[in-house]
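The values are calculated or read from the model by the stated rules, or taken from the named source; none is laboratory data. It should be emphasised that the depicted structure is a prediction, and the values quoted were computed from it without experimental measurement. Every residue, glycine among them, receives a Cβ derived from its backbone with ideal geometry; neighbour counts consider all protein chains shown.
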Amino acid sequence: MLRSLRLLIIVRVFICVFIFVLLNRFAAPYAVKDFITDSITIELREVITKTNVFTSNTIDFQLTNPKVFHGFQIRTLIKCSAYYKVYDSICPFLSSESVQWQKIGDEVTPTIEPLIEFAIINVGKKSWGAVRKENHGSYDYLAFDRDEIDDIIDFVWSVRNRILRYYAPLLVLFSLAVGLYLSSYIISLLNDVQMMVGKTDAANLEIQTNSQAYFKEFQSFINVFESLKVRLKNSFDQTSRFSSNASHELKKPLTILRGHAEQGLKIAKDGSPEQMHFAVISEQVNQLIGITDRLLLLAKADANSLTLNLTDVNISNLFKKIIEDASLLRPDLVITQKIEDDIRWNSDEYLIQQLIVNLFSNAMKYASQNGWIHFVLRRKGSQVHLEINNSAINIPHDLNGKAFDRFYRGHEIGSQLIEGSGLGLSLCKEIAKVHDAFIHLDTDEGKSVRAVLAFKTISIAAL
């Protein structure tokens with residue numbers, strides 16, 4: 001079963017968004033904790049420089065930076081100062097020589113003096129963040145409990161989770177929208193490539209487009225495709241030359257054989273075995289000559305060298321002439337016709353006669369026993385439709401798709417018992433194409449087959 005590229009892209013986008021949200025939930029607390037610690041440290045640097053910090057009993061300290069959780073208050077703030085004689089139980093740990101103090105960067109508040117330093121001190125199970133400044137040969141300290149940062153983070157995360165629950169449907173819709181946009185854009189690029197490839201056939205393989213891709217990732221594909229066109233053109237040319245040369249080389253000896261066979265028919269006694277042999281030889285040689293003629297026409301069509309001798313052809317009279325002996329060829333069939341008079345077409349009479357004869361011959365050969373054939377030639381809007389509809393049984397299931405393929409013969413209708421080369425309908429298609437006409441076959445619930453040739457009666461430009 002074929003998978004949907006659009007659905008695959010949408011699912012991948014949704015998975016990427018989900019992974020991003022998941023990683024954010026696990027990684028963000030660590031980054032936020034360091035971020036809040038740095039923010040508190042910078043604000044403590046401001047506080048410790050104030051002269052009344054160690055002279056008052058309390059400090060009303062909040063995170064006042066509006067960019068960093070404005071309004072959250074630090075409940076536990078420890079002050080230590082030998083100069084101001086302010087002490088606490090953790091002051092000895094702050095003044096310990098084992099504490100590694102680091103200078104707070106001047107990039108935030110470069111005008112503050114004196115030097116302010118920061119350290120993280122572990123006292124028992126608690127972790128403290130502290131700042132210090134020198135004061136008359138000793139140090140003043142301010143320390144805060146880093147566990148309070150976890151409380152702030154927990155509160156923020158609870159708010160975030162509540163918001164996420166509300167906005168989860170919007171996040172899903174956003175993922176779908178992004179997936180649809182990306183898939184539509186990628187598919188549009190693929191459709192452009194499909195259109196370019198779809199326009200390529202034997203008629204335009206020799207045209208070098210020198211196409212440039214919109215994106216460099218597609219240029220290698222364009223280069224490979226152009227290289228493939230060159231190889232296909234060379235293969236078509238070789239096949240066309242072989243078919244053309246073979247047809248020319250075979251036609252002369254076949255014509256000589258036909259002449260000898262016809263001469264043998266004349267000199268042999270009527271009803272003799274010799275005459276029967278010459279008749280079979282003549283029939284088979286004529287069949288081979290017909291095949292070589294078809295191969296030659298197809299080779300010319302492949303090489304775009306099928307020239308037209310355009311004349312004003314009375315299609316009505318030509319059609320009537322071809323089908324007038326239908327009842328004699330198949331007396332078991334019911335023959336009906338509806339042919340409008342004086343329908344003309346500026347076309348190559350020889351090629352159009354070949355086309356109609358091939359359609360007529362197929363209908364006569366494959367019509368079911370004691371069946372019927374209906375011939376139609378009528379105007380339909382700006383077009384003319386030539387239709388040959390015949391009864392049939394055991395119609396191949398792939399007839400509509402393969403009828404015009406070269407050497408195709410439907411096995412389900414006993415084609416092996418009916419003479420033919422499988423080239424007639426493919427030749428009809430090429431003749432119709434060079435006349436700017438359209439030909440197709442359709443079936444009616446396995447009961448009949450209809451061949452339709454649609455063309456305009458206006459003149460066409462000679463090729």
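Pairs linking a residue in the range 78-105 that is without any contact (Cβ under 8 Å) to a residue 24 or more places away in the chain to a residue that is loosely packed, with under 13 Cβ neighbours inside 10 Å, with Cβ atoms under 8 Å and 6 or more positions apart or on different chains, are K103/L115. Select from the range 132-184 the residues that are under 25 Å from C91 (Cβ atoms) and among the charged types (D, E, K, R) and list them in ascending order. Answer for the range 132-184, where residues must be under 25 Å from C91 (Cβ atoms) and among the charged types (D, E, K, R): R132, K133, E134, D140, D145, R146, D147, E148, D150, D151. Check whether at least one residue in the range 101-112 is farther than 24 Å from I42 by Cα, of a type in the set (S, T, N, Q) and either under 59 Å from the mean Cα position of the chain (by Cα) or assigned to a helix (DSSP H, G or I) (or both), and report yes or no. Checked the range 101-112: no residue is farther than 24 Å from I42 by Cα, of a type in the set (S, T, N, Q) and either under 59 Å from the mean Cα position of the chain (by Cα) or assigned to a helix (DSSP H, G or I) (or both).
All of N362, N394 fail the test of being on the phi < 0 side of the Ramachandran plot and either modelled with pLDDT under 90 or aromatic (F, W, Y) (or both), apart from N362. Of all residues in the range 1-29, those satisfying the criterion of being touching a helix residue (DSSP H, G or I) at 6+ places or on another chain (Cβ under 9 Å) and aromatic (F, W, Y) are F14, F18. Against the conditions (1) more than 55 Å from the chain's Cα centre (by Cα); (2) closer than 30 Å to D237 by Cβ, G259 satisfies every one except (2). Annotation: of all residues in the range 137-189 being of a type in the set (S, T, Y) and not in a helix (DSSP H, G or I), the one that is farthest from S81 (Cα to Cα) is S138. Out of the range 5-34, which residues are of a type outside the set (A, V, I, L, M), loosely packed, with under 11 Cβ neighbours inside 10 Å and at pLDDT 85 or above? Hit for the range 5-34 is F20, nothing else. If you go through the range 72-94 and keep only what is under 60 Å from the mean Cα position of the chain (by Cα) and in a strand (DSSP E or B), you end up with just Q73.
Just one of the numbered conditions (1) in contact (Cβ under 8 Å) with a residue 40 or more places away in the chain; (2) farther than 25 Å from A28 by Cα; (3) surrounded by 13 or more Cβ atoms within 10 Å (Cβ to Cβ) is not true of E117: (1). For the range 129-149, the set of residues classified as buried (at least 23 other Cβ atoms within 10 Å of the Cβ) and among the acidic types (D, E) is empty. Cβ separations smaller than 7 Å between residues 6+ apart or across chains give the following pairs from the range 432-447 residues that are in the same structural domain as R344 (by TED's automatic domain parsing) to residues that are assigned to a loop (DSSP other than H, G, I, E, B) and surrounded by 16 or more Cβ atoms within 10 Å (Cβ to Cβ): V434/L306; V434/L308; H435/I460; D436/I460; L441/A403; T443/I395; G446/I395. Say whether the condition of being within 41 Å of the chain's Cα centre (by Cα) and aliphatic (A, V, I, L, M) is met by at least one residue in the range 307-315. Within the range 307-315 (the criterion being within 41 Å of the chain's Cα centre (by Cα) and aliphatic (A, V, I, L, M)), the answer is yes, since at least one residue qualifies. Output the residues belonging to the range 272-293 that are small (G, A, S) and at pLDDT 80 or above. If the condition is that a residue be small (G, A, S) and at pLDDT 80 or above, then S272, A279, S282 are the ones that fit. Applying the set (1) at pLDDT below 80; (2) closer than 20 Å to K33 by Cβ to L205 leaves exactly one unmet item: (2).
Between I74, I78, the distinction of being modelled with pLDDT under 80 and either under 30 Å from A177 (Cα atoms) or touching a helix residue (DSSP H, G or I) at 6+ places or on another chain (Cβ under 9 Å) (or both) belongs to I74 only.
Tell me, please, whether a residue that is of a type in the set (A, V, I, L, M, F, W, C), farther than 30 Å from F455 by Cα and in contact (Cβ under 8 Å) with a residue 40 or more places away in the chain can be found in the range 249-263. Yes, because at least one residue in the range 249-263 is of a type in the set (A, V, I, L, M, F, W, C), farther than 30 Å from F455 by Cα and in contact (Cβ under 8 Å) with a residue 40 or more places away in the chain. Of all residues in the range 365-391, which are among the small types (G, A, S) and at pLDDT below 90? Result: A367, S368, G381, S382.
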